[in-house]
2 protein chains.
Amino acid sequence: MSYCVALKLSRGLIFMSDTLTNGGLDNISSYPKTFSWGIPGNRQILLTTAGNLATSQAVIKTLSEQIKDKNNGSQSILTAPTMFQVARIVSQTLAEVIDVSSKWHQKAENKFSANFILGGQINNNEMALYLIYPEGNFIEVSHKKPFFQIGETKYGRPILVRAFESEMSFEDAIRLLMVSFDSTIKANLSVGLPLDLFVYINNSLSEAKTHKITEDNEYFRMVSREWADSLKKSLAALPKFEFNN
Amino acid sequence: MSYCVALKLSRGLIFMSDTLTNGGLDNISSYPKTFSWGIPGNRQILLTTAGNLATSQAVIKTLSEQIKDKNNGSQSILTAPTMFQVARIVSQTLAEVIDVSSKWHQKAENKFSANFILGGQINNNEMALYLIYPEGNFIEVSHKKPFFQIGETKYGRPILVRAFESEMSFEDAIRLLMVSFDSTIKANLSVGLPLDLFVYINNSLSEAKTHKITEDNEYFRMVSREWADSLKKSLAALPKFEFNN
């Protein structure tokens, strides 16, 4: 499994993903799960993925080839006029890849399924964030809680539900994500460091800042340690249960 | 879905379960999911369940009928000599119920699957806690982290993994469970109040104390409120992320 989160802040977009992949417990390796494309001054696109690795890689590769293939006349994610059209290209590519894998009579034990979160901005349009389903359709993020999670979403969800606000600073939002990832990593072996972080600044139309959080990242270790301490203290500070409650 | 947790403390057993069941979003009601049987001075047995309601009810009903049917010669959970034998009776009953439901050609959209957690004590034997799978087999709880969860387990797991210790007092453990349930209820619509709480005191061989935590339970509301506050404060007290980290 994977764990990927994308936040839509008023200041910009933040994508964070783990890099662990496994085809069985004896076949573990590290792959990036978040990808970016852009034309400075025109558009920036971020895409993160959870699910079947072969499917994800085929989708990413196909999108990249569409960009290079300037003669075929059909649009790529770098020529589509709106983020909605970009989402259609990604979702159709995903549905096609799954369709091709599924048509053979050999059935895989795991499905060929994958989910994507797509974010980005084109020209002076509003930033967009979409969740793309393996069926080839997609939804836009809600205004109230503008974030999406894919993969092992549940462990790290309660803290996001409680604390995420779209007016947060990048620094506060990244700190919140660190806690959400730390809770997930502590509870589930299939999500692991390093983490990839992408930060796109609203209206900049310039490349997202990237950052890799590895096992020896002092900040992550400190957050993990202090969060554990402070949860225990918070728990101890709650009023005692008494049986006559 | 459901959320049920059973803790094995050195002081005794604690079971907590929600009571919400749903067959679709327009068919929601409240059923108990934790059941107890016992013979004071001889044994006490607790059973909690998550999954298909028809399957759970059939298992509970069958176990109760086996107890009443004293002429049939086979053992019931109140006559089996050890908790291991009790676990075998429960797991066989479960597997049989699922088998009977599955043999018809009509297939249900949802599987007939259910999980159980069984806990209890017989005579002066050690208390036992088992997780029973729909396949009809079961495992005993680990010594290191002696608790089981079934149903919507992931949202409430990180705090249990971090804070649960088998030497806790009942009061501390119940407080921890309240937090774990609160996180789950906040993140997932299919888990809801009231909660049922059962506390069995080690070596007492007397009935578990029970307690119902309803929507207007002042303690639960206070824990929920204070926990939310204190998470936000803890988050704000963590060191700031800086981009040069």
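For segment A:58-129, just say rounded, prolate or oblate: build the C-alpha gyration tensor, square-root its eigenvalues into a ≥ b ≥ c, call rounded for a/c under 1.5, and beyond that prolate if a/b exceeds b/c, oblate if not.
Values: a/c = 3.32, a/b = 1.72, b/c = 1.93.
Oblate, since a/c reaches 1.5 and b/c is not below a/b.
Hey, how many Å between the Cα centroid of segment A:1-38 and the Cα centroid of segment B:191-245?
31
Using modelled amide H (1.01 Å from N, peptide plane; none on Pro or chain starts), what sits under 5 Å from the amide H of A:T19, excluding residues fewer than 5 places away?
A:G192
Can you bin segment B:1-122 into rounded, prolate or oblate? Criterion: square roots of the alpha carbon gyration tensor eigenvalues sorted a ≥ b ≥ c, rounded for a/c under 1.5, prolate for a/b above b/c, oblate for the rest.
Details: a/c = 2.28, a/b = 1.30, b/c = 1.75.
Since a/c reaches 1.5 but b/c is at least a/b, the shape of segment B:1-122 is classed as oblate.
Could you work out the relative contact order of segment A:1-73? I mean the mean sequence separation of Cα pairs under 8 Å and 6+ apart, divided by the number of residues, in percent. Before the final figure, lay out each step's value.
Details: 78 pairs, mean separation 16.4, N = 73.
Across segment A:1-73, relative contact order equals 23 percent.
Can you tell me how the protein assembly as shown classifies by the Cα gyration tensor, rounded, prolate or oblate, using a/c under 1.5 as the rounded cut?
Details: a/c = 2.52, a/b = 1.66, b/c = 1.52.
Note, shape of the protein assembly as shown comes out prolate.
Would you kindly work out, in nm and rounded to one decimal, the distances from the label point of B:S142 to those of the same position in each other copy, ordered shortest first, with label points 7 Å along Cα-to-Cβ?
3.5
Quick query: amide H of B:R43 versus all other amide H atoms, modeled in the peptide plane; which residues come in under 5 Å with a sequence gap of 5 or more or a different chain?
Distant-sequence amide H within range of B:R43: B:N123.
Go ahead and estimate [θ] at 222 nm for the protein assembly as shown from helices alone: -39,500 (n - 2.57) per DSSP H run with n ≥ 4, summed, over the residue count, rounded to 500.
Numbers: 10 runs with 162 residues, N = 490.
Rounded to the nearest 500, it is -11000 deg cm²/dmol.
Tell me, what HN-Hα J-couplings in whole Hz come from the Karplus equation 6.51 cos²θ - 1.76 cosθ + 1.60 at θ = phi - 60° for each residue of segment B:79-89, using x for Gly and Pro?
10, 4, x, 9, 5, 4, 5, 4, 4, 5, 4
Mind listing the phi-derived Karplus ³J(HN,Hα) values for segment A:121-135, rounded to whole Hz, using 6.51, -1.76 and 1.60 with θ = phi - 60°, and x for any glycine or proline?
Listing the rounded values in order: 8, 10, 6, 9, 6, 5, 4, 10, 9, 10, 9, 10, 8, x, 6 Hz.
I need to check one value: relative contact order of chain A, counting alpha carbon pairs closer than 8 Å and at least 6 residues apart, in percent.
On the way: 439 pairs, mean separation 67.0, N = 245.
The value is 27 percent.
Compute a Gaussian network model of chain B, connecting alpha carbons closer than 10 Å, and tell me which residue from B:G151, B:G73, B:G119 fluctuates the most.
Maximum fluctuation in the GNM of chain B, among the listed residues, is at B:G73.
For B:M83, what is the net charge nearby, where nearby means another residue's Cβ is under 14 Å from its Cβ and Lys, Arg count +1, Asp, Glu -1?
Working: positive: B:K8, B:R43, B:R88; negative: B:E126, B:E140.
Result for the local shell: +1.
What residue of chain A sits with its beta carbon nearest the rotation axis taking A to B, and at what distance in whole Å?
In chain A, the Cβ lying nearest the symmetry axis toward B is A:K154, 2.
Distance between the C-alpha centers of segment A:77-105 and segment A:41-68? Whole Å please.
Comparing the Cα centres of segment A:77-105 and segment A:41-68, I get a distance of 9 Å.
Starting from the Cα coordinates of segment B:3-234, work out the convex hull volume and express it per residue in Å³.
Numbers: hull volume 29.8 nm³, N = 232.
It comes to 129 Å³ per residue, whole-number rounded.
Please report, in debye to the nearest 20, how large the charge dipole of chain A is about its Cα centre when each Lys and Arg carries +1 at its beta carbon and each Asp and Glu carries -1 there. Before the final figure, lay out the partial values.
Working: 25 positive and 24 negative charges, 54 e Å.
The dipole of chain A has a size of about 260 debye.
How far is B:I39 from the same spot in each other copy, in nm, shortest first, if each label point sits 7 Å from Cα toward Cβ?
Reported distances to equivalent positions: 8.2 nm.
Counting only protein heavy atoms and a 1.4 Å probe, tell me what percentage of the protein assembly as shown's accessible area is made up of carbon and sulfur. Spell out each step's value before the answer.
On the way: 11690 of 23100 Å².
It is 51 percent, rounded to a whole number.
Note down the magnitude of the dipole of segment A:126-201 about its Cα centre, charges +1 on Lys and Arg C-beta and -1 on Asp and Glu C-beta and zero elsewhere, to the nearest 20 debye.
Values: 7 positive and 10 negative charges, 73 e Å.
Roughly 340 debye, rounded to the nearest 20.
Tell me the net charge near A:A237. Cut-off is 11 Å between Cβ atoms, A:A237 excluded, with +1 for each Lys or Arg and -1 for each Asp or Glu. Walk me through the numbers before you get to the answer.
Working: positive: A:K232, A:K233, A:K240, B:R175, B:K233; negative: B:E226, B:D229.
Residues close to A:A237 contribute a combined charge of +3.
Could you check which residue among A:E215, A:E96, A:E165 shows the biggest mean-square fluctuation in a GNM of chain A with a 10 Å Cα cutoff?
A:E215
Quick one: dipole size for the protein assembly as shown, taken about the Cα centre, charges +1 on Lys/Arg Cβ and -1 on Asp/Glu Cβ, in debye to the nearest 20.
On the way: 50 positive and 48 negative charges, 14 e Å.
Taking the Cα centre of the protein assembly as shown as origin, the dipole is about 60 debye.
Measuring label to label, 7 Å along Cα→Cβ, what does A:L189 give against each other copy in nm, shortest first?
Result for A:L189, in nm, nearest copy first: 3.5.
Within 14 Å, Cβ to Cβ, of A:F181, how many net charges do the neighbouring residues add up to if Lys/Arg are +1 and Asp/Glu are -1? The partial results should precede the final answer.
On the way: positive: A:K33, A:K154, A:R157, A:R175, A:K186, A:K212, A:R221; negative: A:D18, A:E152, A:D182, A:D196, A:E215.
Net charge around A:F181: +2.
In sequence order, what are the phi-derived ³J(HN,Hα) couplings for segment B:192-203 according to the Karplus relation 6.51 cos²θ - 1.76 cosθ + 1.60 with θ = phi - 60°, rounded to whole Hz, with x for glycine and proline?
Couplings: x, 5, x, 9, 9, 10, 10, 10, 10, 8, 3, 6 Hz.
The values are calculated or read from the model by the stated rules, or taken from the named source; none is laboratory data. Since the structure is predicted, the reported quantities are computational estimates derived from the model, not experimental observations. FYI the Cβ positions are ideal-geometry reconstructions off the backbone, even for glycines, and counts take in every protein chain you see. Heads up: the accessible areas ignore ligands, DNA and RNA and are worked out on the full protein's heavy atoms, side chains in. Shrake-Rupley method; radii C 1.70, N 1.55, O 1.52, S 1.80 Å.
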